[in-house]
Amino acid sequence: MEPSFFERVYLLVQRIPRGKVASYGQIAALLGHPQAARTVGWALSALTPQRAAETPWQRVINSAGRISISRADLSADLQRTLLEGEGVEFGEYERVDWRRFGWEGMDWDEVEMLWAEHSDL
């Protein structure tokens, strides 16, 4: 059985390397649903404390390069601290430079293999 949309979000976000960021829309597009950026945000908002500890949720920001989280226990300040700890820098207008810190993503074959590896979820 193929993992649920939320599970696929978590699996994909776990592939974003330290010091890199992706946008909600980029994650949605890699999942084959380019209009589902908001749903990616909902998935990250639904992380349990245990799942948040193993999923680098902080590496997903909005397409403008800014933090836009709205969860009390996973605050914007915490997200920024975690990203800065990974070497991600915030420039003018509190934005991340996509050319420098943006994740290139995965090709479709790699994404398909990821689902196959986790078909037991």
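The values are calculated or read from the model by the stated rules, or taken from the named source; none is laboratory data. Remember, it's a predicted structure, so these values are computed and weren't measured experimentally. For neighbour counting, all protein chains shown are included, and Cβ atoms are generated from backbone atoms with ideal geometry for every residue, glycine included.
Can you pull out the residues in the range 103-113 that are under 26 Å from PRO49 (Cα atoms) and either touching a Lys or Arg at 6+ places or on another chain (Cβ under 7 Å) or assigned to a strand (DSSP E or B) (or both)?
TRP103
Inspect the range 63-71 for any residue being small (Gly, Ala, Ser), more than 13 Å from the chain's Cα centre (by Cα), closer than 21 Å to TYR10 by Cα and part of a helix (DSSP H, G or I) and give the result as yes or no.
Taking every residue of the range 63-71 in turn, none turns out to be small (Gly, Ala, Ser), more than 13 Å from the chain's Cα centre (by Cα), closer than 21 Å to TYR10 by Cα and part of a helix (DSSP H, G or I).
Out of the range 93-104, which residues are under 25 Å from PRO34 (Cα atoms) and surrounded by fewer than 16 Cβ atoms within 10 Å (Cβ to Cβ)?
Passing the criteria: ARG95, ASP97, ARG99, ARG100, GLU104.
Take the conditions in contact with a Lys or Arg (Cβ under 9 Å, 6 or more places away or on another chain), touching a residue at least 40 places away in the same chain (Cβ under 8 Å), crowded, with 17+ Cβ neighbours inside 10 Å and in a helix (DSSP H, G or I) and apply them to LEU44. Does it pass?
no
Residue check: is GLU94 on the phi > 0 side of the Ramachandran plot and either over 15 Å from the mean Cα position of the chain (by Cα) or touching a residue at least 60 places away in the same chain (Cβ under 8 Å) (or both)?
yes
Tell me which of these SER75 doesn't satisfy, since it passes every other one: (1) surrounded by fewer than 12 Cβ atoms within 10 Å (Cβ to Cβ); (2) over 13 Å from the mean Cα position of the chain (by Cα).
Condition (1) is where SER75 drops out.
Only residues that are under 13 Å from PRO56 (Cα atoms) and either among the acidic types (Asp, Glu) or surrounded by 15 or more Cβ atoms within 10 Å (Cβ to Cβ) (or both): list them for the range 1-18, please.
VAL9, TYR10, LEU11, LEU12, VAL13, ARG15, ILE16
Hey, any hits in the range 78-92 for a residue that's assigned to a helix (DSSP H, G or I), of a type in the set (Gly, Ala, Ser) and exposed (fewer than 12 other Cβ atoms within 10 Å of the Cβ)?
Yes.
Given (1) at pLDDT below 95; (2) more than 24 Å from ASP109 (Cβ to Cβ); (3) among the small types (Gly, Ala, Ser); (4) in contact with a Phe, Trp or Tyr (Cβ under 9 Å, 6 or more places away or on another chain), identify the lone condition not met by GLY32.
(2)
Enumerate the pairs (first residue in the range 1-20 and part of a loop (DSSP other than H, G, I, E, B); second residue anywhere and at pLDDT below 95) with beta-carbon separation below 6 Å, excluding pairs fewer than 6 apart on the same chain, so at least 6 apart or on different chains.
Listed pairs, sorted by first residue: GLU2/TRP115; PRO3/HIS118; PRO3/LEU121.
Any residue at all in the range 31-39 that is touching a residue at least 40 places away in the same chain (Cβ under 8 Å) and not small (Gly, Ala, Ser)?
yes
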